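The values are calculated or read from the model by the stated rules, or taken from the named source; none is laboratory data. As the structure is a prediction and not an experimental result, all values here were calculated from the model. All Cβ positions, even for glycine, are placed from backbone atoms using ideal geometry, and neighbour counts span all protein chains on display. Heavy atoms of the whole protein, side chains included, go into the accessibility calculation; ligands, DNA and RNA do not. Shrake-Rupley method; radii C 1.70, N 1.55, O 1.52, S 1.80 Å.
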Amino acid sequence: MKIRVKAFASVREMCGFDEKELTVSAGITVREILGQLKSNYRPLERLDGSLLFAVNEAYCPDSTALADEDVLAIFPPVSGG
């Protein structure tokens, strides 16, 4: 199945892409995708445990399973004041 990964802010800088299409196994989770990305883009490991995720524009935990044609957005930690 195919999914799209969108990277924002510092995640985009660490990965070197805004959007990337991936061919993945059915039922893969956000956590598994992140593991693949961290092995290819080592700087992502610095943000381990602090990233935010959304699938099809809805925030979700990293245990969320993806379906064909889903869009996974990955956001760095956010702070505000």
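Taking Lys38, is it open to solvent by less than 50 Å² (accessible area, probe 1.4 Å) and of a type in the set (Lys, Arg)?
Working: open to solvent by less than 50 Å² (accessible area, probe 1.4 Å): yes; of a type in the set (Lys, Arg): yes.
Against the criterion (open to solvent by less than 50 Å² (accessible area, probe 1.4 Å) and of a type in the set (Lys, Arg)), Lys38 qualifies.
For the list (1) touching a Cys at 6+ places or on another chain (Cβ under 6 Å); (2) surrounded by fewer than 16 Cβ atoms within 10 Å (Cβ to Cβ), I need the number of the one condition that Lys2 fails.
(1)
Considering (1) open to solvent by 60 Å² or more (accessible area, probe 1.4 Å); (2) in a strand (DSSP E or B); (3) of a type in the set (A, V, I, L, M), say which one Val78 fails and leave the rest.
Exception for Val78: condition (2).
Which members of the stretch 10-35 meet the condition of being surrounded by 13 or more Cβ atoms within 10 Å (Cβ to Cβ) and either among the aliphatic types (A, V, I, L, M) or assigned to a strand (DSSP E or B) (or both)?
If the condition is that a residue be surrounded by 13 or more Cβ atoms within 10 Å (Cβ to Cβ) and either among the aliphatic types (A, V, I, L, M) or assigned to a strand (DSSP E or B) (or both), then Val11, Met14, Lys20, Leu22, Val24, Ile28, Thr29, Val30, Ile33, Leu34 are the ones that fit.
Just need a number here: residues in the stretch 46-62 that are assigned to a helix (DSSP H, G or I) and either surrounded by 13 or more Cβ atoms within 10 Å (Cβ to Cβ) or among the β-branched types (Val, Ile, Thr) (or both). Break it down stepwise before answering.
The initial filter retains those residues of the stretch 46-62 that are assigned to a helix (DSSP H, G or I), namely 46-47.
Narrowing the set further to residues that are either surrounded by 13 or more Cβ atoms within 10 Å (Cβ to Cβ) or among the β-branched types (Val, Ile, Thr) (or both) leaves 47.
Summing the residues that are assigned to a helix (DSSP H, G or I) and either surrounded by 13 or more Cβ atoms within 10 Å (Cβ to Cβ) or among the β-branched types (Val, Ile, Thr) (or both) in the stretch 46-62 gives 1.
Please work out if Leu34 is within 13 Å of Ile74 (Cβ to Cβ) and in contact (Cβ under 8 Å) with a residue 40 or more places away in the chain. Spell out how you get there, then give the answer.
Values: within 13 Å of Ile74 (Cβ to Cβ): yes; in contact (Cβ under 8 Å) with a residue 40 or more places away in the chain: yes.
Criteria met by Leu34.
Looking at this structure, is Ala65 surrounded by fewer than 11 Cβ atoms within 10 Å (Cβ to Cβ) and either of a type outside the set (Ser, Thr, Tyr) or touching a Ser or Thr at 6+ places or on another chain (Cβ under 8 Å) (or both)?
On the way: surrounded by fewer than 11 Cβ atoms within 10 Å (Cβ to Cβ): no; either of a type outside the set (Ser, Thr, Tyr) or touching a Ser or Thr at 6+ places or on another chain (Cβ under 8 Å) (or both): yes.
Answer is no for this residue.
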